[in-house]
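Participant: One structure follows; several queries about it will come next.
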Amino acid sequence: MKTTDPASRAGGATDPQPHRYFAGIRTADIDLRVHINNVRLIEYIQDAHAALLDIDCAEPHPDRVGTVFFVGEHHVRYLKPLTFRQEPVEISTTVAELGNSKVTLDSVIRDGTTSYVQASTTWVAFDLRSSKVRRLTEAERCRLRRHQLAARQA
């Protein structure tokens, strides 16, 4: 079960809020150490980012055919092993930096007050037809600004 919190999609929100995505844990996600495999944790974050960036590979929007995002940089900090549970975990994501052609997303996998993984990922907008980096559209920038809480401190 993977879902996005409806409040995360609200277009009329005036105050920026984290994007909230919920991922159910499957027994197949467990590794030999009886915790969730690190690769699966990254997949949870990737799925949350796809929801935030509004990427739908099955039904791409006609205006976006040929445009994709790719990972330019990715940093992960594993804080605590995540074990199997019936309840989904939350992936909370904020926009840390918003550039002309890239966006840096900071994410935390948590349940309640316990954090398991922190990640920072820079996604780069790309046009497959021209094989070049492209500028973020105004619609993409608007959607991302709804989750930009504050400028990142250098």
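Participant: Sorting check: for 16-28, 38-50, 131-143, 79-91, which peptide has the highest mean count of neighbouring beta carbons within 10 Å, and how do the rest follow?
Facilitator: So the peptides 16-28, 38-50, 131-143, 79-91, ranked by packing, come out 38-50, 16-28, 79-91, 131-143.
Participant: Taking the solvent-accessible surface of protein heavy atoms with a 1.4 Å probe, what is the per residue accessible area of segment 77-140 in Å²?
Facilitator: 51
Participant: On to the next question. Under 5 Å between amide hydrogens, which residues at least 5 positions from VAL117 or on another chain qualify, with H placed 1.01 Å from N in the peptide plane?
Facilitator: LEU79, ILE109
The values are calculated or read from the model by the stated rules, or taken from the named source; none is laboratory data. As the structure is a computational prediction, the values presented were derived from the model and not from experiment. Glycine also receives a Cβ, built like all others from the backbone with ideal geometry; neighbour counts cover every protein chain displayed. These accessible areas exclude ligands, DNA and RNA; they are computed on the full protein's heavy atoms, side chains included. Shrake-Rupley method; radii C 1.70, N 1.55, O 1.52, S 1.80 Å.
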